[in-house]
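Worksheet: the structure to be examined is printed underneath.
The values are calculated or read from the model by the stated rules, or taken from the named source; none is laboratory data. Values in this document were obtained by computation on a predicted structure and should not be read as measured data. Note: ideal-geometry Cβ built from the backbone for every residue, glycine included; neighbour counts use all protein chains shown. We work out accessible area using only protein heavy atoms, side chains counted, and drop any ligands, DNA or RNA first. Shrake-Rupley method; radii C 1.70, N 1.55, O 1.52, S 1.80 Å.
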Amino acid sequence: MKRLVPVLKQDGVNTDLIMLIRTVLAASKEIAFRVSQGELAGVLGSTLDENIQGEVQKKLDVVSNQLLKDILADDDSVRAIASEEEDYVVGAHPEGKYIVAFDPLDGSSNIDINGQIGTIFTIYEARDDVAFDSPEQFAQKGSEQVCAGYVLYGASTLLVMTTGGPTRCYTLDLTHGGYLLTEDEMETPINSKEFSVNMANFRYWPQNIQSYFNDILYADEQYAGSSVRYNAAMVGDVHRVMSRGGIFLYPADSRAGNDNGKIRLLYEANPLAMLVENAGGLATSNGQSILDISPSSLHQRVPVALGSKEQVLEFDSKTSAD
Ligand code: AHG
Ligand code: MN
Ligand code: MN
């Protein structure tokens, strides 16, 4: 089985970016170790703090954020850092070539139930036309990402990553501590009858989303035999969708603060959109390509639909305003 670095070299990835990816993954291995230790590592449960989005921070959110932030701040190639758990941009090295954003721990509600959780990350080239620690560094479209990936801490620890080419899957080999290539090119099935969505939000959805689900649940016979699969960790849900097809949805809803849903553009929607699209799927927000959205703020949220191409196209056409 091939190791990560030779695969990246074969893909023509430049040495600076390879070194930076290795830095991110060094932190991921420390997180994976703590996750596997669970209560023994003292990482379960909540802190007394909230992040800027009003979410209670779990201990593992904070630990993972600190591990990633410290290791990246030590890397000369990093100009600035953004994280779900940091209110503002963290400046690193003014001459650094790259900026890195991450959701240190996605699926926090699964931490204490030994469920799927993950780390999502994205890398862009730094901009020279704005201050090194400005939020404008991160106001780049998802199509500008030079690397997008996640580490899924599941039964195995998986790395799913693209550097612009195919989405590849690696498995962490605990015997030597490295990631080995286990799926050369992920391919999202073109269609499926699986839906990944928090159905309990039905009452809060706008009418177009409700009528789409009315069709699936009751009206339209073509959806007989459909399944809902949802584990409330986007990283795990999207992994399933990429592996065996389906659509992941987090629409806008009428709850306070949710007028664009819950998923954050910078460190959730964009990296996962790039991974899904480079695996042959589709990722949209209100019918527009997620990767084409011009960001307006660091922690901006966007409604998302991503997964099997035909399912996403159908969702968009059935829910469009026309
Ligand atoms: P995070 O744990 O990083 O805050 O992200 C959780 C996100 C996403 O991963 C998941 O799909 C969604 O929140 C679940 O939200 P609901 O509990 O509202 O379904
Ligand atoms: Mn998240
Ligand atoms: Mn998170």
Inset, instruction - Answer yes if at least one residue in the range 257-264 is among the charged types (D, E, K, R) and in a loop (DSSP other than H, G, I, E, B), and no otherwise. - result: yes
Inset, instruction - Go through the range 222-238 and give me each residue that's within 15 Å of ligand 2 (Cβ to nearest atom) and touching a helix residue (DSSP H, G or I) at 6+ places or on another chain (Cβ under 9 Å). - result: TYR230, ASN231, ALA232, ALA233, MET234, VAL235, GLY236, VAL238
Inset, instruction - Filter the range 246-265 down to residues that are within 15 Å of ligand 2 (Cβ to nearest atom) and of a type in the set (A, V, I, L, M) and give me whichever is surrounded by the fewest Cβ atoms within 10 Å (Cβ to Cβ). - result: ILE263
Inset, instruction - Inspect all residues belonging to the range 265-281 and state whether any of them is in a strand (DSSP E or B) and within 27 Å of ILE81 (Cβ to Cβ). - result: no
Legend entry - Positions within the range 52-82 being under 15 Å from ILE111 (Cβ atoms) and not aliphatic (A, V, I, L, M), in sequence order: GLU55, GLN57, LYS58, LYS59, ASP61, SER64, ASN65
Inset, instruction - Assess whether GLY177 counts as being at positive phi, at pLDDT below 95 and open to solvent by 20 Å² or more (accessible area, probe 1.4 Å). - result: yes
Inset, instruction - Only one of these is away from ligand 3 (no atom under 11 Å from the Cβ) and either modelled with pLDDT of 95 or more or closer than 22 Å to SER156 by Cα (or both): GLY42, GLY54, GLY118. Name it. - result: GLY42
Inset, instruction - Determine the pairs where a residue that is in a helix (DSSP H, G or I), located within the range 287-310, has a partner that is at pLDDT 95 or above and among the basic types (Lys, Arg) with Cβ atoms under 7 Å apart, the partner being 6 or more residues away or on another chain. - result: LEU291/LYS141; ASP292/LYS141
